[in-house]
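Some notes on the structure that comes next.
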């Protein structure tokens, strides 16, 4: 067995003229809380989609807990949980029906699905809205029900694309709590974000992605280096440091003209 | 200041039209083509109405025409809420505008476009058709302007009154379904027109006597009254139209003020309905098989009822599958074989299965890891479809047979229906895997831009293949009907058709499953557009 939860080699993806992912090699250690950070358009979603089998790469191999995602889907799909960004759920089901559907599709026995769903709904503070259709949920509630669906079959590796995007602080705290409890049991969480404070406070291990390439990787301390915060280190890494927007807008402020 | 706003809003409308055209060549061509068709149609109507001048029942025809036109204007904003962006006053809510100048500006802007031009053509034609004498023409000018303004104000008032509804989720669901009213209404209009064609325009006269008092038709009615020298009646009719205009504008301005000063309803959360269904798996689940099959069936059946797009597609199929054989039977032109239409129409629902999931298909994709999983998934969907289709197709066939009193043919028609249904399921499953395409969730389009060709290949290629696949059963049917003594053997077609349908469905699912399993990311990409 290998100690890497995810092993990516030579991963490429082009959309027409545009190169979204330009040759990524990456090994994500198992049992860690891993942050995949990068500016908008860096290729985070494309990378996560290819790693989870939702998008076919042009080139490269992906292994999750030692199994090839494209050649051994049976072994991989049962071991991972996914919360994609920008894809819908079956929104005309109620929250509880969605969990029941998702769990049963994965072949779990009905009684077990119902038991786990009840607990997840309780912990994620969705019990009051469990019979409401997901289409009427708020952004935070959608992320939480998506997380519940991703956790239901107790995966070994959890991939979350922007799990905190558009989520209110209360829901964010709940999601955090659940994820921390989950990694404490030895499971791996890989999540993407562009909120550095969040990554800094949550993650043990970070990979910085910009323009389809990995710019830095390693433990939080390694990536941060000498910079005072991850935010500063990140801005230097992606080459956005030292830009000052203050000089041209001298008319701004001081009451209406 | 007022003139400013009116000018600005009219220019805004013009630039919206222009920018809409600039988006793509295809769109420009479509717009120009539809403009030409509409104007041609309008011009022909104009000529036709002028030609009908002096016809005995022309007065009834023109007031009815105006009334129908006004009805069209009233329902338009309900069906096409996104059609005219200047119609949505909530977009202007952040601007420091007073309601009165805004009303004037928006009214002027709504007069720009093909729709108003078409209306204007028809109104002019109607006026010329009934006007006799200088006074009548003078009144006619006032009448045309008044009628056009009433139409436009009606559309605006209805849109403003319903903006809450139109921007809420439930409202948008309703809007998708309301397209059905048009589809089924068109069938009924068609039916009515045929009756009218057989018994003449004289039937319209009594209706016309009432409608000529209803604004905006009353304005056109006034032209005819002047022609006949009834100036008092004409004045009353014009006053009615003018009064209606004032009331409509007042109602519209009232709604506008309320809309612009109160919070947007669309962001308020719909109230929770606790205790609706306490259990996860209700009565339905207990009747369904266990495992993935039952889970997939349950979800599919729930979507038929809960998802507006799916529901609209199903209701259309169910309605047309019933209307075609039954109406034809009613008119005495039918044949029991038309009953196969029900099976054919319902079989279409098997097409583009994954497109119906939208991008939520990822939830299915992450749980399919082998061809067997894909087979069970597709089979579950086909079974859910059969739960509705089999009894319905049988019912339509029996009903048609009863209406035509052609009972000896019942077994063969049923057999043919089942074979056709099987072929549709088989080709539907295969094209779902091979030619998936996105179904946009908002509005009326059923194909995302750029995927129209794919949808055509999928549906029409599939239907032709389905017809070819069921040709053995069709051939046997013909043979039984042609050979002497064949009629005594026609019952064989029922078990034969059923067995053939079942076998071909199984084969289709078996062929489609490995393709589905191998193409999961490609299918997800295809169904995630729009």
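The values are calculated or read from the model by the stated rules, or taken from the named source; none is laboratory data. Everything numeric here is computed off the predicted structure, so don't read it as measured data. Glycine also receives a Cβ, built like all others from the backbone with ideal geometry; neighbour counts cover every protein chain displayed.
Considering each of B:410, B:420 in turn, give the residue that is in contact (Cβ under 8 Å) with a residue 60 or more places away in the chain, crowded, with 24+ Cβ neighbours inside 10 Å, in contact with a helix residue (DSSP H, G or I) (Cβ under 7 Å, 6 or more places away or on another chain) and over 30 Å from residue B:360 (Cβ atoms). Within the list B:410, B:420, the selection yields B:420. Being more than 29 Å from the chain's Cα centre (by Cα), at pLDDT 85 or above, surrounded by fewer than 18 Cβ atoms within 10 Å (Cβ to Cβ) and within 14 Å of chain A (Cβ to nearest Cβ) is a description that does not apply to residue B:272. Checking A:48, A:55 one by one, the residue that is more than 11 Å from chain B (Cβ to nearest Cβ) and either part of a loop (DSSP other than H, G, I, E, B) or under 15 Å from the mean Cα position of the chain (by Cα) (or both) is A:48 and no other. Looking only at residues of segment A:142-162 that are buried (at least 21 other Cβ atoms within 10 Å of the Cβ) and out of contact with any strand residue (DSSP E or B) (no Cβ under 9 Å at 6 or more places or on another chain), we find that the one that is nearest to residue A:82 (Cα to Cα) is A:148.
Counting only helices (runs of 4 or more DSSP H) that sit wholly inside segment B:289-379, those with at least 1 residues that are at pLDDT 85 or above and within 14 Å of another protein chain (Cβ to nearest Cβ) are B:291-306, B:308-330, B:353-357, B:361-365. Only residues that are crowded, with 17+ Cβ neighbours inside 10 Å and touching a helix residue (DSSP H, G or I) at 6+ places or on another chain (Cβ under 7 Å) were counted in segment A:33-66, giving 12.
Residues in segment A:68-90 that are crowded, with 20+ Cβ neighbours inside 10 Å, more than 9 Å from chain B (Cβ to nearest Cβ) and touching a residue at least 60 places away in the same chain (Cβ under 8 Å): 1 in all.
Among the residues examined, residue B:432 does not qualify as within 14 Å of chain A (Cβ to nearest Cβ) and out of contact with any strand residue (DSSP E or B) (no Cβ under 7 Å at 6 or more places or on another chain). The condition of being at pLDDT 80 or above, surrounded by fewer than 12 Cβ atoms within 10 Å (Cβ to Cβ) and more than 14 Å from chain A (Cβ to nearest Cβ) does not hold for residue B:243. The number of residues in segment B:405-439 being in a helix (DSSP H, G or I) and within 24 Å of the chain's Cα centre (by Cα) comes to 3. Say whether the condition of being over 25 Å from residue B:398 (Cα atoms), crowded, with 20+ Cβ neighbours inside 10 Å, more than 14 Å from chain A (Cβ to nearest Cβ) and under 36 Å from the mean Cα position of the chain (by Cα) is met by at least one residue in segment B:503-510. Yes, segment B:503-510 has at least one match. Based on what the data block shows, is residue A:28 more than 7 Å from every other protein chain (Cβ to nearest Cβ), assigned to a strand (DSSP E or B) and surrounded by 24 or more Cβ atoms within 10 Å (Cβ to Cβ)? Criteria not met by residue A:28. Kindly provide the set of residues from segment A:91-115 that are at the interface with chain B (Cβ under 10 Å from one of its Cβ atoms), assigned to a loop (DSSP other than H, G, I, E, B) and either in contact (Cβ under 8 Å) with a residue 40 or more places away in the chain or buried (at least 19 other Cβ atoms within 10 Å of the Cβ) (or both), ordered by number. Residues satisfying the conditions are A:91, A:92, A:93, A:106.
Here is a check on your reading of the model: is residue A:166 more than 22 Å from residue A:49 (Cα to Cα) and outside any helix (DSSP H, G or I)? No. Just one of (1) more than 10 Å from chain B (Cβ to nearest Cβ); (2) farther than 24 Å from residue B:526 by Cα fails for residue A:118. It is (1). Count of segment B:111-144 residues, restricted to those that are in contact with a helix residue (DSSP H, G or I) (Cβ under 6 Å, 6 or more places away or on another chain), more than 19 Å from residue B:215 (Cα to Cα) and outside any loop (DSSP other than H, G, I, E, B), is 2.
In this structure, residue A:63 does not satisfy being at negative phi, in contact with a strand residue (DSSP E or B) (Cβ under 9 Å, 6 or more places away or on another chain) and assigned to a loop (DSSP other than H, G, I, E, B). Looking only at segment B:441-474, residues that are under 19 Å from the mean Cα position of the chain (by Cα), buried (at least 17 other Cβ atoms within 10 Å of the Cβ) and modelled with pLDDT of 75 or more come to 2 in all. Of B:20, B:54, B:26, all but one fail to be at pLDDT below 80, surrounded by fewer than 12 Cβ atoms within 10 Å (Cβ to Cβ), within 25 Å of the chain's Cα centre (by Cα) and over 24 Å from residue B:149 (Cα atoms); the exception is B:26. Between A:140, A:146, A:128, A:177, the distinction of being within 11 Å of chain B (Cβ to nearest Cβ), in a helix (DSSP H, G or I) and under 21 Å from the mean Cα position of the chain (by Cα) belongs to A:146 only. A single entry from A:227, A:216, A:184 fulfils the requirement of being farther than 26 Å from residue B:362 by Cβ, touching a helix residue (DSSP H, G or I) at 6+ places or on another chain (Cβ under 8 Å), without any contact (Cβ under 8 Å) to a residue 12 or more places away in the chain and surrounded by fewer than 20 Cβ atoms within 10 Å (Cβ to Cβ): A:227.
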